[in-house]
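Structure, as structure tokens:
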Amino acid sequence: MSNAVLRAEGRPTRLRGPALLWHQIRYEQLTFWRNPQSAFFTFVFPVVVIAVFGGLFGGIGESEFYYGRSALQYYVSTIAAVSVLGSCYSQLAIVLAARRQNGMLKRVRATPLPASAYFVGLLAHCVVVSVVDVLLITIVGRLYGVSLPAASQLPTLAITLVLGAAAFCALGVAVASVIRNAEAAPSVVQFVLFPLVFISGTYMPIHSGLLNGIADALPVKPFNDALLRAFTTDHTGLPWRDLGVLLLWGAAGAVVAVRRFRWDPRAE
């Protein structure tokens, strides 16, 4: 994986540039799929959630409570957002904490693999998993009668997903940098994520001006809003404010990650 050296025609050949990055992405994908139970529930959980919501709220049409959308139009977007959060923030932070504790990160750091290639490979892997999750949620929503995103919104949807995935990956690495051990990782991750998801209207629209004002400055609600717009309108143009908030949080997470991230296990 990380020695970046393959043997071709009996001689060692060092991977460089795009080939090295592609090698790392393949490694992350193979590692993911070699744990079939984890992969299965990564994809099945959001599908089950949207299927349950379809059974509960499928008969609720457009209403002011859901900002002029039907209940399932709203929930397809927000559950898609929370699936990206799960792949790019929660799982990434937990995986990095575990890899650091078992010494894997320390071994990776001792190889010729650049840190940039390692983390870009992780980002690309998380984007792939997120896209599959969003596609599955969209298909289940379609089975309940939710329209597919308009063709004019596909570029906006793609940009939103990639930027959101990158921002939450940066935040996941930042949170991983303050986790002391792998056992504490799930609790720390959920302590940060749980209140954000609820005040951002993921499972129920929030009509409190105060809470919305707070949530607008945090990363989850802008991501929800950008996806909701991409899934349910045919307006051209990008949601600049929402994307700007995601970009700022991603940059902040990257700064914290660069300054605080540790490759070696922490002393207990």
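The values are calculated or read from the model by the stated rules, or taken from the named source; none is laboratory data. Computed from a prediction, not measured in an experiment: that's the story for all the values here. Positions of Cβ are backbone-derived with ideal geometry, glycine not excepted, and every protein chain shown enters the neighbour counts. Heavy atoms of the whole protein, side chains included, go into the accessibility calculation; ligands, DNA and RNA do not. Shrake-Rupley method; radii C 1.70, N 1.55, O 1.52, S 1.80 Å.
Descriptive notes on the structure:
- Ranked by the mean number of other Cβ atoms within 10 Å of their residues, highest first, the peptides 136-148, 58-70 fall in the order 136-148, 58-70.
- Residue among Gly103, Cys88, Gly141 farthest towards the positive dipole end of segment 69-200, charges placed on Cβ: Gly103
- Take Ile94: with every protein chain present and a 1.4 Å probe, its accessible area is about 60 Å².
- Where only DSSP H runs of four or more residues are counted, the chain gives -22500 deg cm²/dmol as its mean residue ellipticity at 222 nm, each run worth -39500 (n - 2.57).
- Over the chain, accessible surface divided per residue gives 50 Å², non-protein components excluded, 1.4 Å probe.
- Charge dipole (debye, nearest 20) of segment 60-151; +1 at Cβ of Lys and Arg, -1 at Cβ of Asp and Glu: 660 debye
- In the chain, a dipole from Cβ-located charges (positive for Lys and Arg, negative for Asp and Glu) runs towards its positive end, and of Leu122, Gly172, Ala39 it is Leu122 whose Cα lies farthest in that direction.
- Averaging the Cα positions of each part gives two centres, and for segment 133-158 and segment 53-93 these lie 12 Å apart.
- For the chain, carbon and sulfur atoms together expose 67% of the accessible surface, with a 1.4 angstrom probe and every protein chain in place.
- Principal-axis tilt of helix 220-232 within the chain, Cα atoms, nearest 10 degrees: 60 degrees
- Ranked packing of 73-81, 38-46, most packed first, by mean Cβ within 10 Å: 73-81, 38-46
- Quotient of the Cα radius of gyration of segment 220-268 and 2.2 N^0.38 Å, N being its number of residues: 1.71.
- The charge dipole of segment 155-268, taken about the Cα centre with unit charges on the Cβ atoms of Lys, Arg (+1) and Asp, Glu (-1), comes to about 260 debye, rounded to the nearest 20.
- Rounded tilt (10° steps) of 71-85 against the dominant C-alpha axis of the chain: 10 degrees
- When the alpha carbon gyration tensor of segment 85-190 is reduced to an equivalent ellipsoid, the three semi-axes, largest first, read 31, 16, 11 Å.
- If you take the Cα centroid of segment 234-268 and the Cα centroid of segment 175-205, the two points sit 15 Å apart.
- Rel. contact order, % - alpha carbon contacts under 8 angstrom, at least six apart, the chain: 26 percent
- Relative to the dominant Cα principal axis of the chain, helix 185-199 is inclined by about 20°.
- Positive-pole candidate from Pro112, Ala150, Val188, dipole of segment 107-252, charges at beta carbon: Pro112
- Qualifying trypsin sites (Lys or Arg not before Pro) in segment 163-268, where qualification requires a DSSP coil assignment and no more than 16 other C-beta atoms within 10 Å, comprise Arg180, Arg262, Arg266.
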